[in-house]
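**Q** Can you keep this structure in mind? I'll have questions shortly.
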Amino acid sequence: MPEPNSRISVSSEGDVMVVELLDRKILDEVSILHISEQLNSLIVDKSAPRLVVDFTNVDHLSSSALGMLITLHNSVREKAGRLALCNIQPGIYEVFAITRLNDIFTIRDSQAEALAEMD
Amino acid sequence: MRIKSTWQAARDAGKTVLAEVAGQKYDEHSSFSIRLAMEEGLNNAIKHGSRMDPAKLISLDYEVTPQRVEIIITDEGEGFDPACVPDCTCQENLQKPGGRGIMLMKAFMDTVEFSEKGNSVRLVKVRPDGE
């Protein structure tokens, strides 16, 4: 159960953190900053964090949100961790493809497939 | 309309435009594209044009017809040269967190034109044939 004012819902599958983004629209800097802080708090004290980020609820995001994800990706990579994204709606996936970020991120259709990337 | 340079004002203004787009029954992809490009334009106006100063105003002018949607976003900033924005898809820029807004606008809209000064952007989406 997410805490009040939480923008994410976190569960565990073994030692993998599964994060469900709760906002339908990730657009403005304030929202993005809050989400970023909550995501970073999950990995800051971890070595080799393994994280799956689930986009089921997200139907719009801005280019600044992409920046947040890149920063997260870079932080996870610096810690020798693994990050996968899943359940991205077609319109949002098009944004990743146009910006070639589908070459950077591991993106899978389902949470199960994303978890399989964590092995 | 003229709005303050705040995220909430931008979202509220955007809803007005999107309600008219919905009223003209544009298809899902066109609606998504219009929303994305408009949000990017407004975000850029707030961040770069107004430098996050809520006292600065942004003009959001628009026309929604059965054939096309035209949106013009103008800020009170100094402007910029869009030709100087680096290509975010180049390998050396892929890992950088910023610099994708204009590219997304161009990818999702049929027309993206900046004023000579660079503080105004005109976005046009034409209804796809057969819709």
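**Q** Identify all residues within segment B:43-74 that are farther than 24 Å from A:Leu66 by Cα and acidic (Asp, Glu); write none if there are none.
**A** Hits for segment B:43-74 are B:Asp61, B:Glu63, B:Glu70.
**Q** Do we find that A:Val53 is part of a strand (DSSP E or B), within 16 Å of A:Thr106 (Cβ to Cβ) and among the aliphatic types (A, V, I, L, M) in this structure? Steps first, answer last, please.
**A** Working: part of a strand (DSSP E or B): yes; within 16 Å of A:Thr106 (Cβ to Cβ): yes; among the aliphatic types (A, V, I, L, M): yes.
When the stated conditions are applied, A:Val53 passes them.
**Q** Since A:Thr99 meets every condition but one in (1) within 27 Å of B:His48 (Cβ to Cβ); (2) in contact with a Pro (Cβ under 6 Å, 6 or more places away or on another chain), which condition does it not meet?
**A** Result: A:Thr99 passes all but (2).
**Q** Before we move on, is B:Asp129 surrounded by fewer than 20 Cβ atoms within 10 Å (Cβ to Cβ) and under 29 Å from B:Asp27 (Cβ atoms)?
**A** Values: surrounded by fewer than 20 Cβ atoms within 10 Å (Cβ to Cβ): yes; under 29 Å from B:Asp27 (Cβ atoms): yes.
Judged against the criteria, B:Asp129 is a match.
**Q** To continue, here is another question. Might you let me know whether segment B:118-129 holds any residue that is facing chain A (nearest Cβ under 9 Å) and either out of contact with any strand residue (DSSP E or B) (no Cβ under 6 Å at 6 or more places or on another chain) or not aromatic (Phe, Trp, Tyr) (or both)? Full working, then the answer.
**A** Here is the first cut: in segment B:118-129, the ones facing chain A (nearest Cβ under 9 Å) are none.
Scanning segment B:118-129 turns up no residue that is facing chain A (nearest Cβ under 9 Å) and either out of contact with any strand residue (DSSP E or B) (no Cβ under 6 Å at 6 or more places or on another chain) or not aromatic (Phe, Trp, Tyr) (or both).
**Q** Turning to a different aspect of this structure: For segment A:63-101, give me the residue count where each residue is touching a helix residue (DSSP H, G or I) at 6+ places or on another chain (Cβ under 8 Å), outside any helix (DSSP H, G or I) and more than 15 Å from A:Ile35 (Cβ to Cβ).
**A** Qualifying residue count for the region: 8.
**Q** Can you pull out the residues in segment B:1-43 that are of a type in the set (Ser, Thr, Tyr) and surrounded by 23 or more Cβ atoms within 10 Å (Cβ to Cβ)?
**A** Restricting attention to segment B:1-43, the residues satisfying the condition of being of a type in the set (Ser, Thr, Tyr) are B:5-6, B:16, B:26, B:30-31, B:33.
Matches in segment B:1-43: B:Ser5, B:Tyr26, B:Ser33.
**Q** Output the residue which, of all residues in segment A:69-94 that are in contact with a Ser or Thr (Cβ under 8 Å, 6 or more places away or on another chain) and among the hydrophobic types (A, V, I, L, M, F, W, C), is surrounded by the fewest Cβ atoms within 10 Å (Cβ to Cβ).
**A** Checked segment A:69-94; the qualifying residue surrounded by the fewest Cβ atoms within 10 Å (Cβ to Cβ) is A:Ala80.
**Q** Which ones in segment A:1-34 are within 24 Å of A:Ala112 (Cβ to Cβ) and hydrophobic (A, V, I, L, M, F, W, C)?
**A** Scanning segment A:1-34 gives A:Met1, A:Ile8, A:Val10, A:Val16, A:Met17, A:Val18, A:Val19, A:Leu21, A:Leu22, A:Ile26.
**Q** Here's another thing I want to ask about it. Can you pull out every residue in segment B:9-39 that is over 13 Å from A:Lys25 (Cβ atoms) and at the interface with chain A (Cβ under 9 Å from one of its Cβ atoms)?
**A** Once the filter is applied, which keeps residues that are over 13 Å from A:Lys25 (Cβ atoms) and at the interface with chain A (Cβ under 9 Å from one of its Cβ atoms), segment B:9-39 yields B:Glu28, B:His29, B:Ser33.
**Q** Report, by residue number, each residue of segment B:53-104 that is over 16 Å from B:Glu39 (Cβ atoms), basic (Lys, Arg) and within 14 Å of another protein chain (Cβ to nearest Cβ).
**A** B:Lys96, the sole residue that qualifies.
**Q** Could you please find all residues in segment A:93-119 being under 20 Å from B:Lys96 (Cβ atoms) and within 14 Å of chain B (Cβ to nearest Cβ)? I'd like the intermediate steps shown before the answer.
**A** The first filter runs over segment A:93-119 and keeps only residues under 20 Å from B:Lys96 (Cβ atoms), leaving A:95-107.
Across segment A:93-119, the qualifying residues are A:Val95, A:Phe96, A:Ala97, A:Ile98, A:Thr99, A:Arg100, A:Leu101, A:Asn102, A:Asp103, A:Ile104, A:Phe105.
**Q** Another question, then. Against the definition (at pLDDT below 95 and either part of a helix (DSSP H, G or I) or within 14 Å of chain B (Cβ to nearest Cβ) (or both)), how does A:Ser31 come out, yes or no? Explain how you work it out, then say what you get.
**A** Values: at pLDDT below 95: yes; either part of a helix (DSSP H, G or I) or within 14 Å of chain B (Cβ to nearest Cβ) (or both): yes.
Answer is yes for this residue.
**Q** Give segment A:13-54 a look and list any residue that's closer than 21 Å to B:Ile34 by Cβ and either surrounded by fewer than 20 Cβ atoms within 10 Å (Cβ to Cβ) or among the aromatic types (Phe, Trp, Tyr) (or both), or say none.
**A** Residues satisfying the conditions are A:Asp23, A:Arg24, A:Lys25, A:Ser31.
**Q** Identify, by number, the condition in (1) within 12 Å of the chain's Cα centre (by Cα); (2) surrounded by 15 or more Cβ atoms within 10 Å (Cβ to Cβ) that B:Arg68 doesn't meet.
**A** (1)
The values are calculated or read from the model by the stated rules, or taken from the named source; none is laboratory data. Keep in mind the model is a prediction, meaning the values are calculated, not measured. Cβ atoms come from the backbone with ideal geometry, glycine included; neighbour counts cover every protein chain shown.
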